[in-house]
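The values are calculated or read from the model by the stated rules, or taken from the named source; none is laboratory data. The shown structure was predicted, so the numbers you read here are calculated from the model rather than taken from an experiment. Here the Cβ is made from the backbone with ideal geometry for all residues, glycine too, and neighbour counts use every protein chain on show.
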């Protein structure tokens, strides 16, 4: 009796069961490799990417001005030119103030050479009295000159002022982007027909980065004014310079306050002694706690939407990739990635829960139906 032929078995169903399978490990490796390549490319082209991204965010910030002028029946060309001039003014304030502050610091430091030497001699005498590290301090005093303290400022000044060709590129970029911004609404409508999440992410980024720049600028001016008044009362030289520096460093998260307080404390120490330096430090800390730590986050919280830890990590990350300008753009760059890649993506909702300052509020919405399906070309 011959065996009965067995029926052919159906191949296994390749359709994954929801919630039971994960992407293969190779997929994660490819994503990680792609991220490394992108970061390497950004680091290589940082001198171009960082200024261009700064210009893009400024164009987004100023774009409501053009819409407001059009509602006031201004001609379209005149409204665009006015917005263009406003962008140039913002660039001049942000970059020009850095150049001016550093130039004033480099010019002023050599005048305090004698006071600096006196402070070093006092430290040597104190070390001799306690017999601790006297030889090391003498070696440090022989190698350290006041002019060496200006080296970081000189490096930053030469980096900002040395790129004449890059500055011309930024000016031209602003010109083209300012005129192209007029049709950005139509472009978003076209993107929304096939990629609604990307369009929603771009709109979300535009609103958040606009609010971030405006609120941070307003509070930066407030902090600068309070600092200048305090420094004038204490009698610290270059009070206006340190106010401008405090305004610029207000854009740098977490460590901006530290960068803004060191130069005035140093000048106060050299000019008026330890009492003046201590007074400057106390005033700066008080203003920072009240304005930048208590009041400002209440206004920027909704705009930023990232936790304090993520803001600090983003500062290190973007400063490493894009250099000094990356520290200024740390929050806007993180906002761009969060708005476009995370906020409106259900698969990336777990990432949003880790980095968002309010994960329940920032939960991605359900996918919206695509517009334009079923229409003939």
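The table that follows gives values for the structure above.
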read-out: Hits in the stretch 294-340 - residues which are outside any helix (DSSP H, G or I), in contact with a strand residue (DSSP E or B) (Cβ under 9 Å, 6 or more places away or on another chain) and modelled with pLDDT of 75 or more; value: 306
read-out: Candidate set: the stretch 257-293, residues that are under 13 Å from residue 237 (Cβ atoms) and in contact (Cβ under 8 Å) with a residue 60 or more places away in the chain; chosen: the one nearest to the chain's Cα centre (by Cα); value: 263
read-out: Some residue of the stretch 267-290 being within 24 Å of residue 58 (Cβ to Cβ), surrounded by 18 or more Cβ atoms within 10 Å (Cβ to Cβ) and out of contact with any strand residue (DSSP E or B) (no Cβ under 6 Å at 6 or more places or on another chain); value: no
read-out: Hits in the stretch 222-254 - residues which are surrounded by fewer than 18 Cβ atoms within 10 Å (Cβ to Cβ), within 24 Å of residue 308 (Cα to Cα) and at pLDDT below 90; value: 254
read-out: Number of the exception - residue 286 against (1) closer than 30 Å to residue 338 by Cβ; (2) assigned to a helix (DSSP H, G or I); value: (1)
read-out: Residue match in the stretch 66-82 (condition: within 29 Å of residue 341 (Cα to Cα) and either modelled with pLDDT of 80 or more or outside any helix (DSSP H, G or I) (or both)); value: yes
